[in-house]
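Here the structure is laid out as structure tokens; the discussion comes afterwards.
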Amino acid sequence: MQNHLTNRDIRDIYSLQSGMCAYCGDKVGLNYHVDHIDPIKLGGANTVDNIAIACPACNMSKGSKKLLHFFAWKNQTGERVTVLRNGY
Ligand SMILES: [Zn+2]
């Protein structure tokens, strides 16, 4: 498995997302989680193109769901979903 993630990468993604959760759009401030879009458990890579900044609530509810499963689950619960990252 590739592992090329640095603190710099995480800061870059944080500023790319303007400090907002990738899933609900809330400002995360300093209380953010680094989410693996494709969970490591399901074969996702620990690389820049597989991570997103998320608020703790979204990250915990996403858990090890794949992104599309997470969105389907969010839609069922009626929560609004916003994807802020480019390329997704
Ligand atoms: Zn969120």
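Some points to look at:
- With q set to 0.19, 0.20 Å⁻¹, the log10 of I(q)/I(0) for the range 7-77, from the Debye formula over equal scatterers at the Cα positions, is -0.71, -0.79.
- Förster radius 22 Å - calculated FRET efficiency between T47 and H69, Cβ distance, rounded to 0.05: 0.60
- 3J(HN,Hα) along the range 40-50, derived from phi through the Karplus expression 6.51 cos²θ - 1.76 cosθ + 1.60 where θ = phi - 60°, amounts to 3, 4, 9, x, x, 8, 8, 10, 3, 7, 10 Hz, with x in place of Gly and Pro.
- Ranked list, fewest to most other Cβ atoms within 10 Å of each Cβ, for L5, L67: L5, L67
- Eligible lysines near K66 by straight Cα distance, threshold 22 Å, same-chain separation 8 or greater: K41, K74
- Per-peptide average of other Cβ atoms within 10 Å, ordering 8-14, 30-36 highest first: 30-36, 8-14
- Relative contact order of the range 23-73, pairs being alpha-carbon contacts under 8 Å that are 6 or more residues apart, as %: 39
No value in this document is a laboratory result; all are computed from the given coordinates. Predicted model only: the values in this text are computed from it and were never measured. A quick note on method: Cβ atoms are made from the backbone with ideal geometry, for glycine too, and the neighbour counts reach across all protein chains shown.
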